[in-house]
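*Asks:* Sharing a structure, written as structure tokens. Questions coming.
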Amino acid sequence: MRRFVCLFLCFSLFTLGAPARAALVEDKPSAVLMIEKLHNALLDAMKQGGNMTFAQRKQMLAPVVHEVFDLETMLRASVGGGWQKLSEDERKTLSEAFAGWTIATYASQFKAWNGEALTIAGFSDPEKSNVLVNTEIKPKAGKSTALQYRLRQKPTDKNDGPWQVVDILLDGAVSQLALRRADFAKVFTTGGALALASHLNMLTATLEKAG
């Protein structure tokens, strides 16, 4: 189970039941509703996995990933200060590669359902600038694993932007952004944006090949 969660720290969450919908607390602030939307999409992909190709899962999950995750913020945090020095074209190329890899990762990991269950155990103060949504992954047998989604409201002039995920923490401690930064920094520092984009595209191609 631990191995699966580590793979998913390039994202994942499960729930049990039919129809495929996540179990949630009754009072749902916007941040929790956003996680629910992700869960439902992932479950649909899992439960339909046997009848869908990799490309179809990607097409199904892409809009939800773009809506739920603040991909630009996550990418900038992964790259570090070098982001500010990039041209608009470099940022666009790198952003497209990062989004493609993120979506492919979900499509690769969520292609079958084996009875896993997910519960949302609670959430932090929804009036704060960052909201933590606490979840538990429960296998059919064995120990549950805690995951926390950290969400932040997208800034807008009217302060009505969507709440989006900016990080995922395993057991409340292991940050996905920290893991990514360690993985991406060397490639970016050595070869810049185009080298990192090429690296991400290669990872995506590997996932697509595996189906």
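*Asks:* Can you sort Met46, Met202 so the residue with the fewest Cβ neighbours within 10 Å comes first?
*Replies:* On the way: Met46 22, Met202 12.
In order of increasing Cβ crowding within 10 Å: Met202, Met46.
*Asks:* Rank the residues Glu96, Glu127, Glu116 as a footprinting-exposure proxy: fewest other Cβ atoms within 10 Å of their Cβ go first. Don't skip to the end; give the middle numbers.
*Replies:* Details: Glu96 14, Glu127 7, Glu116 18.
Ascending Cβ contact count within 10 Å gives the list Glu127, Glu96, Glu116.
*Asks:* So for region 29-116, what are the equivalent ellipsoid semi-axes in whole Å, largest first, each being the square root of 5 times an eigenvalue of the Cα gyration tensor? Walk me through the numbers on the way to the answer.
*Replies:* Working: eigenvalues 156, 49, 18 Å².
Ellipsoid semi-axes (Å, largest first): 28, 16, 9.
*Asks:* What is the order of His66, His39, fewest Cβ neighbours within 10 Å to most? Let's see the in-between values first.
*Replies:* Details: His66 14, His39 23.
Going from sparsest to densest Cβ surroundings: His66, His39.
*Asks:* Hey, quick one: spin label on Asn51, modelled 7 Å out along Cα-Cβ, who in region 91-119 has an amide N within reach, i.e. under 15 Å?
*Replies:* Label zone hits: 112-113.
*Asks:* What does the convex hull of the Cα atoms come to per residue for region 104-211, in Å³? The partial results should precede the final answer.
*Replies:* Values: hull volume 16.9 nm³, N = 108.
Dividing the Cα hull volume of region 104-211 by its residues yields 156 Å³.
*Asks:* For all pairs of alpha-carbon atoms in region 2-202, what percent lies in each bin of width 5 Å, listed from the first bin to the last filled one?
*Replies:* The distribution over region 2-202 is 1, 7, 15, 19, 20, 17, 12, 6, 2, 0, given as percents.
*Asks:* Taking only Cα atoms and a 10 Å spring cutoff, compute GNM fluctuations for the chain and point out the largest among Leu33, Leu71, Leu118.
*Replies:* Looking only at Leu33, Leu71, Leu118, the largest GNM fluctuation is found for Leu33.
*Asks:* Relative to the present Cα-Cα distance, how much length would full extension add between Lys209 and Ser95 at 0.36 nm per residue of separation? Walk me through the numbers on the way to the answer.
*Replies:* Values: separation 114, 0.36 × 114 = 41.04 nm, distance 2.18 nm.
Computed gain between Lys209 and Ser95 is 38.9 nm.
*Asks:* Let me ask something additional. Quickly work out the Arg181-to-Asn130 label distance, labels modelled 7 Å from Cα along the C-beta direction, and quote it in nm with one decimal.
*Replies:* The two pseudo-label positions are separated by 1.1 nm.
Every number in this text was worked out from the coordinates using simple rules, so none of it is lab data. As the structure is a prediction and not an experimental result, all values here were calculated from the model. Positions of Cβ are backbone-derived with ideal geometry, glycine not excepted, and every protein chain shown enters the neighbour counts.
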